[in-house]
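The values are calculated or read from the model by the stated rules, or taken from the named source; none is laboratory data. On a predicted model such as this, the values are computed, not experimentally measured, just so you know. Here the Cβ is made from the backbone with ideal geometry for all residues, glycine too, and neighbour counts use every protein chain on show. To get the accessible areas, we keep the full protein, side chains included, count just its heavy atoms, and leave off ligands, DNA and RNA. Shrake-Rupley method; radii C 1.70, N 1.55, O 1.52, S 1.80 Å.
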Amino acid sequence: MKTFNKDKFKVLVTGFGPYGNTAINPSLAVVKKLQTMPILTKENTLPIEIVSRQVSSEFNKCIKETCAYIDEFHPDAVIMLGEYPGRSMITIERVAINYNDSTRYGVKDEAGYAPQGTKVVGDGPAAYFSTLPLRRIVTELRACGIPADISDSAGTLMCNHLMYGALHHVHSTTKARVGKQGVVIPVGWIHLPALPAMAAKEENLGMPSMTAELSTQAVLTAIQSITKDLQSGNTDVDIPVKSRLLV
């Protein structure tokens, strides 16, 4: 595998605004915090440029907007963020499926659209696997004291929809590939727990939550993990990552 040999690492991070039953979306809170730190520097690592953008909370817009950002900024990695209410930890999604079903959750997007039983891409494959180093990210998050796990289900709402659409885009265009071997850039999804402000609502009492500050630190740690992985030749760590109590 070709190793990463640039003098700067650029990552695109996207998040949603209000959506469904979430009036305050943790992914947007993280995107806003990242916009205050466009360049990260750390001893013995590459400078990291973070391009963070909000995308529309609409099925018919979010893929087009994200793919346009990928084509505009030519990032070395793409991390998309969303909320998964009920999960108590940071979860890194393994796979996105070519299927939309919003009605089963009773949720419409911000345009009032709720797809049921439709494909994300009409002629696309059944699924795409994340190209992020899942085990490395989760291992390093846990080492930092941030609860995290690998998830095998991104649901069938807009998070899965956008993850699939972005992966389809990078698999379909040479602009999003690295080196002569055409290696697809790291692209994947990170689900965040609800914010405490949402968990404190009477109808949500008992819901797990995480502060925007800790979620932001988790994303920054994930970015560092991806950078390490690229510099080591796109080889995820080969160690077991145990899972427990993931919903």
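The requirement of being closer than 21 Å to E110 by Cβ, assigned to a loop (DSSP other than H, G, I, E, B) and out of contact with any strand residue (DSSP E or B) (no Cβ under 7 Å at 6 or more places or on another chain) is fulfilled somewhere in the stretch 48-71, by at least one residue. Residue count for the stretch 92-108 satisfying the condition of being touching a residue at least 40 places away in the same chain (Cβ under 8 Å) and either within 25 Å of M210 (Cβ to Cβ) or buried (at least 19 other Cβ atoms within 10 Å of the Cβ) (or both): 11. Inspection of the stretch 80-91 finds a residue satisfying the criterion of being of a type in the set (S, T, N, Q), surrounded by fewer than 20 Cβ atoms within 10 Å (Cβ to Cβ) and assigned to a loop (DSSP other than H, G, I, E, B).
The single condition from (1) open to solvent by 10 Å² or more (accessible area, probe 1.4 Å); (2) in a strand (DSSP E or B); (3) under 23 Å from A222 (Cβ atoms) that G117 fails is (3). Could you list all residues from the stretch 21-44 that are modelled with pLDDT of 95 or more and exposed (fewer than 12 other Cβ atoms within 10 Å of the Cβ)? Result: no residue meets the conditions.
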